[in-house]
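Peer 1: My questions all concern the structure below.
The values are calculated or read from the model by the stated rules, or taken from the named source; none is laboratory data. Please read these numbers as outputs of a predicted model, since none were measured by experiment. Positions of Cβ are generated from backbone atoms using ideal geometry, with glycine treated the same way; all protein chains shown enter the neighbour counts. Just the protein is used for accessible areas: all its heavy atoms, side chains included, with ligands, DNA and RNA removed. Shrake-Rupley method; radii C 1.70, N 1.55, O 1.52, S 1.80 Å.
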Amino acid sequence: MGAVTESTTPATSPPVTGRPRVDVVLPCLDEAGALPWVLGRVPAGWRALVVDNGSTDGSARIAREHGATVVAESRRGFGAACHAGLLASDADIVCFCDCDASLDPGLLPGLVARVAAGEADLVLGRRRPAGRGAWPLHARAGNTVLARMIRRRTGVALRDLGPLRAARREALLELGLTDRRSGYPLQMVVRAADAGWRIEERDVPYRPRTGASKVTGTWRGTLHAVRDMRAVLREPAAGPGAQAAPAGAGCR
């Protein structure tokens, strides 16, 4: 599996001593059809944190039946669900993965290994379409434009804002992430870059999702995502270790 690396600072994080504890945060809104496959792919010994964001299809029950810890987050929003999972975690390293079976959590050990070894601070899975309809053309084009905007804003040459990712929990909390909607993954990358993190990409297959997309599957969802991400990109750049200005306050 190929890797694309963008280093922003020399190595600063020491390796994790011993076997790291890892939590996988899975934001969930009506993903009953995908959950059994996703949870079955979480590596043995890792904890799956399914954050139920108001599902009405029995997702929470199915998650518990498959051994996951369920966190309830009543405030709607992708970022709200992700951050609730981060706050509920007590692991050394936290991973994030979409809960729609488009990404395989079984690939996360390769990302975690880089973080645990102290060789990277944030590792993203760069999506590579695997199957017809896995990544709609308009969504792929939008992602390319966003990657260019990230490079202009931060200097980090990413090719994808990958939703499959891994980083140290304490470091993530120190970023002071504030967006609670679609801008959350972008804000994590922007603030990490501003703080001088070493950010890497690794190629991962991107499968056709199970069920309908809540964001890129609709024009309304896409427009909301664009609005949220523009708010993040308007944040003033913060120096290493500084707290970035809040974003997304008007996107509740």
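Peer 1: Among residues other than Gly131 whose Cβ falls under 15 Å from its Cβ, what is the net charge (Lys/Arg +1, Asp/Glu -1)?
Peer 2: Working: positive: Arg127, Arg128, Arg132, Arg140, Arg207, Arg209; negative: Asp100, Asp104.
After counting each charged neighbour, the total is +4.
Peer 1: Here's another thing I want to ask about it. Given the peptides 183-195, 25-37, arrange them by the average over their residues of other C-beta atoms within 10 Å, most packed first.
Peer 2: In descending order of packing, they fall as 183-195, 25-37.
Peer 1: Separate question: Summing +1 for each Lys or Arg and -1 for each Asp or Glu, what net charge is found among the other residues whose Cβ lies under 14 Å from the Cβ of Arg61?
Peer 2: -4
Peer 1: Provide Rg and Dmax in Å for region 22-149, with only Cα atoms included in the calculation.
Peer 2: 14.9, 42
Peer 1: If I histogram all Cα-Cα distances within region 155-202 using bins 10 Å wide from 0, what percent of pairs lands in each bin?
Peer 2: 23, 64, 13
Peer 1: Set the Förster radius R0 to 41 Å, insert the Cβ-Cβ distance between Thr17 and His66 as r into 1/(1 + (r/R0)^6), and round the FRET efficiency to 0.05. If you can, show how the numbers build up before the last one.
Peer 2: Working: r = 31 Å, r/R0 = 0.76.
Rounded to the nearest 0.05, the efficiency is 0.85.
Peer 1: Where does each of 97-106, 140-149, 83-92 land if you order them by average Cβ count within 10 Å, highest first?
Peer 2: By packing density, highest mean first, the sequence is 97-106, 83-92, 140-149.
Peer 1: Using unit Cβ charges (K, R positive; D, E negative) and no other charged atoms, how large, in debye to the nearest 20, is the dipole of region 52-134 about its Cα centre?
Peer 2: Using Cβ point charges on Lys, Arg, Asp and Glu, region 52-134 gives about 340 debye.
Peer 1: Next question, about the same structure. When the solvent-accessible surface of protein heavy atoms is calculated with a 1.4 angstrom probe, in what order do Glu174, Glu201 fall, highest first?
Peer 2: Order by accessible area, largest first: Glu174, Glu201.
Peer 1: Additional query: Express the carbon and sulfur contribution to the solvent-accessible surface of region 18-162 as a percent, rounded to the nearest whole number, probe 1.4 angstrom. Provide the component values of the computation, followed by the final result.
Peer 2: Numbers: 2990 of 5960 Å².
That share works out to 50 percent.
Peer 1: Applying a 10 Å radius around every beta-carbon, put 151-160, 72-81, 48-57 in order of their mean neighbour count, most first.
Peer 2: Per-residue mean Cβ counts within 10 Å order the peptides as 48-57, 72-81, 151-160.
Peer 1: Let me ask something else about it. Mean 1/r over all different Cα pairs, inverted: what Kirkwood radius does region 20-77 give, in Å?
Peer 2: 11.3
Peer 1: Project the alpha carbons of region 71-216 onto their principal axes and report the range along each, largest first, in whole Å.
Peer 2: Cα spread of region 71-216 along its principal axes, largest to smallest: 38, 36, 27 Å.
Peer 1: Let me ask you something else. Amide H neighbours of Gly118 under 5 Å, at least 5 residues apart or on other chains, H built in the peptide plane: list them.
Peer 2: Placed amide hydrogens put Val16 under 5 Å from Gly118.
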